[in-house]
Amino acid sequence: MSRQSGGSRGQGQDERLKHETQGEVRAGRSTRAEEWREPEPAGEDQPTGDRMIVPDDLRSAPPGMTPEDVEARSEVARYLGIHAFPGDRDSLVQTARENQATDAVIGALESLPADRQFQNVQDVARALGMGTEEHRA
């Protein structure tokens, strides 16, 4: 007896579930018509999942980078992945679009020089003017 994707669910059920949640995933918010089904927001004294777990003043970054540089580089890397490299500006923009990158990431990638080949995210970060790690000699 072979197992199908999704554990004990069949492929047909997986496809139905995918179709049911597709609008919500694309919208980035709930698409429920019945407001009573919405989860209650966190109270004033309760933490929310959309804030950093570590406070800004306790976050650290490698020498040569700010926490904002780390976050921006991570955002770019999230939509490019390792298979985008080496690549030029146009191929990186195309990969980011295929991975449904944010407008901010696509705009940043579109500002890269067109005549340059990028070997990794670090090259992209340098070209975008982000701080990069300082390596010890």
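Only the coordinates and a few stated rules stand behind these numbers; no lab work does. The shown structure was predicted, so the numbers you read here are calculated from the model rather than taken from an experiment.
Prolate is the label for the stretch 56-127. Its Cα gyration tensor axes, ordered a ≥ b ≥ c, give a/c of at least 1.5 and a/b above b/c.
Here's how it looks for F118: its modeled amide H is under 5 Å from those of G87, D88, which are all 5 or more places away or on a different chain. For T66, the residues whose modelled amide H falls within less than 5 Å of its own, excluding neighbours fewer than 5 places apart on the same chain, are G131. Explain nothing, just the number: relative contact order of the stretch 56-127, from Cα pairs under 8 Å at least 6 residues apart, as a whole percent. For the stretch 56-127, the relative contact order is 32 percent.
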